[in-house]
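Here's the structure we're looking at; comments come further down.
The values are calculated or read from the model by the stated rules, or taken from the named source; none is laboratory data. From a predicted model like this one, the values you see are computed outputs, not experimental measurements. Positions of Cβ are backbone-derived with ideal geometry, glycine not excepted, and every protein chain shown enters the neighbour counts. Side chains included, ligands, DNA and RNA excluded: accessible areas come from the protein's heavy atoms. Shrake-Rupley method; radii C 1.70, N 1.55, O 1.52, S 1.80 Å.
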Amino acid sequence: MTTHVTNQGQPELEISDKQTGAIRYLEHGSPHWRIRWHYHDEYELHLIVASSGKMFIGDYIGTFHPGCLVLTGPRVPHNWVTYAPDGTHYELRDHVVHFDHDTLTGAVALLPELAMLQPLLERARYGIEFLHCGAIAEKYILRIKESDGAARVGYFCELLDLFARSPDQ
């Protein structure tokens, strides 16, 4: 169950029940109650697979379309507003991966090989859009969705490694 706290005129704080594990997969269509100006304590990797519209990430406003891929840091307010004729419904609009800052920071402390992710996570505090990465990211995100345990962690680390090395940010 997910709850949210409403502050009139402010982004809503979304407090999610933690699933087992540090890497959480979500997906939703449009319209959906999650599509609103909000923030949460987790990082969010957001891949649009259908629809287009305006995205609001922190103080940035831009457009999105299928293939748009954004990583937001903890507590960065965000929203993707779909432009669609009345009555239009998208069964699957986006894939979302949430992951916890403290867990990832702890993993970096245990595994020095993960230290190369720290600059990526620092930049995500403001939001990062990855250009030309949507198709390959979707393959990894679907692997994350369909796996668990060490395999899920492995796919997740490979995906973050790809982002950390990407010049298209």
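The number of residues in the range 106-130 that are touching a residue at least 12 places away in the same chain (Cβ under 8 Å) and either in contact with an Asp or Glu (Cβ under 6 Å, 6 or more places away or on another chain) or not aliphatic (A, V, I, L, M) (or both) comes to 7. Output yes when any residue across the range 89-109 is touching a strand residue (DSSP E or B) at 6+ places or on another chain (Cβ under 6 Å), over 18 Å from I23 (Cβ atoms) and open to solvent by less than 10 Å² (accessible area, probe 1.4 Å), and no when none is. Checked against the condition, which is being touching a strand residue (DSSP E or B) at 6+ places or on another chain (Cβ under 6 Å), over 18 Å from I23 (Cβ atoms) and open to solvent by less than 10 Å² (accessible area, probe 1.4 Å), the range 89-109 yields at least one hit.
Restricting the search to the range 115-155, which residues are under 21 Å from R75 (Cα atoms) and crowded, with 16+ Cβ neighbours inside 10 Å? Once the filter is applied, which keeps residues that are under 21 Å from R75 (Cα atoms) and crowded, with 16+ Cβ neighbours inside 10 Å, the range 115-155 yields L117, L120, L121, A124, G127, I128, E129, F130. The criterion of at least 2 residues that are at pLDDT 80 or above, open to solvent by 40 Å² or more (accessible area, probe 1.4 Å) and not small (G, A, S) is met, among strands (runs of 3 or more DSSP E) falling completely within the range 1-88, by 53-57, 60-64.
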